[in-house]
Amino acid sequence: MTLSDTTRLLHELEPVVAENLDRHLATSKEWMPHEYIPWSQGRDYVGPDGEPWSVEQSQLSPIARTALELNLLTEDNLPSYHREIERAFGNDGPWGTWVGRWTAEEGRHGYALRDYLLVTRGVDPVELERARMATMTEGFDSGDKPLLRVCAYVSFQELATRVSHRNTGRYTDDPIANKLMARISMDENLHMIFYRNLVTASLEISPDEMVKAIRDEIVDFQMPGAGIEGFQRKAFQMAQAGIYDPRNHLDDVVMPLLRHWGVMELTGLGPEGEQARAELAAFLATADSQAATFVEKREAAAARRAARAG
Ligand SMILES: [Fe+2]
Ligand SMILES: [Fe+2]
């Protein structure tokens, strides 16, 4: 896509952004992060009455701790994501208003999650702070993706984050964490709807380019937290726990969006769009069998553990 194509597209999508911004502002409800934190559980870490962190103070299981920490570090990287979408969407008119509003909403997620974890002694605060420094110093860089790829990526990413937060909350077995994560994931859902509607409009304006962008983002998809130290190992633990695994990714993130957009039923695509769609279909078939294998292996391992436990 050339620069003038991008400028034209930004202009053509502007009324869609304005309309969806209004819809978003009318739909999203104000919420107060401080109301979700059990402040009375908090105590000093240092000083005369202070007690440093140690693992037995945490009510959370090791995997619940890992999942919350990974989700928090992902949210912490907001300045990088802000840079990315500001670069792609610009700062003018409704695009710029959305960039600001979205950033402000996302800001709550990290603050609330950190407050919860510090007050409840859910994670090692020293390790968490060092990991945050490392994550933010490294940043997140998608490599100047063109506009339509950004729209596709953020649709998948917001939905993936929604599923991950929601399932993490359930997994903690703590009603306070569950309530907070459910609230955050409602925001992610509204963000997803905003971006999903931009993709819908782009499929009408520029169907071949949009289908190619959807294919590229599905084939290359990585969670926004993929650059965090130890991400692979931690994401694998979360997948083993069923919080976010290849099955969730396909069934709860990729397929619902493809169905919503009607990608497989679109008519009137040119040769490039048709080719992209065929490649996408082949990729999905492979991903589906890989997800099935992953779940089978996990179930077999669980059955072996159960048999050993007698
Ligand atoms: Fe978020
Ligand atoms: Fe979000």
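Descriptive notes on the structure:
- Annotation: per residue accessible area for the chain equals 49 Å², rounded to a whole number [probe 1.4 Å, protein chains only].
- The trypsin sites (Lys or Arg not before Pro) of the range 29-116 that DSSP puts in a loop, and whose beta carbon has at most 14 other beta carbons within 10 Å, are 29, 43.
- Ellipticity estimate at 222 nm from DSSP helix runs (n ≥ 4, -39,500 (n - 2.57)) divided over the chain, nearest 500: -24500 deg cm²/dmol
- Nearest 10 degrees, 0 to 90: helix 231-240 Cα axis against the chain principal axis: 80 degrees
- Rounded to 0.05, the FRET efficiency of the residue 173 and residue 49 pair, given R0 = 30 Å and the Cβ-Cβ distance, is 0.55.
- Listed residues 269, 280, 72, most fluctuating in the chain (Gaussian network, C-alpha, under 10 Å): 269
- Nearest-ten-degree value, helix 78-89 long axis tilted from longest Cα axis of the chain: 10 degrees
- Rh by Kirkwood over Cα pairs, then Stokes-Einstein D for the range 17-56 at 1.002 mPa s and 20 °C, µm²/s: 151 µm²/s
- In a simple Cβ point-charge model (Lys, Arg +1; Asp, Glu -1; nothing else charged), the range 131-290 has a dipole of about 560 debye relative to its Cα centre.
- Were the residues from residue 233 through residue 186 laid out at 0.36 nm apart, the gain over their Cα-Cα distance would be 14.2 nm.
- Projected onto planes of every orientation and averaged, the convex hull of the alpha-carbon atoms in the range 73-168 covers 6.6 nm².
- Cα pair count fraction exceeding 36 Å, expressed as % - the chain: 22 percent
- List 34, 11, ordered by accessible area with a 1.4 Å probe, largest first: 11, 34
- Hull shadow area, averaged, the range 158-256 [alpha-carbon convex hull, nm²]: 6.8 nm²
- Förster radius 35 Å - calculated FRET efficiency between residue 274 and residue 7 (Cβ-Cβ, nearest 0.05): 0.80
- Measuring spread by the Cα atoms of the range 13-128 yields a radius of gyration and Dmax of 18.3, 59 Å.
- Within the accessible area of the range 165-287 (1.4 Å probe), percent carbon and sulfur: 53 percent
- Over the range 178-310: Rg over Rh, Cα atoms, Kirkwood Rh: 1.05
- Relative contact order [Cα under 8 Å, 6+ residues apart], the range 155-228, whole percent: 33 percent
- The distance separating the Cα centre of the range 254-310 from that of the range 102-158 comes to 27 Å.
The values are calculated or read from the model by the stated rules, or taken from the named source; none is laboratory data. Every value quoted in this text rests on a predicted model; they were computed, and no experiment measured them. Note: ideal-geometry Cβ built from the backbone for every residue, glycine included; neighbour counts use all protein chains shown. For the accessible areas, the whole protein counts, side chains as well, though only heavy atoms, and no ligand, DNA or RNA atoms are used. Shrake-Rupley method; radii C 1.70, N 1.55, O 1.52, S 1.80 Å.
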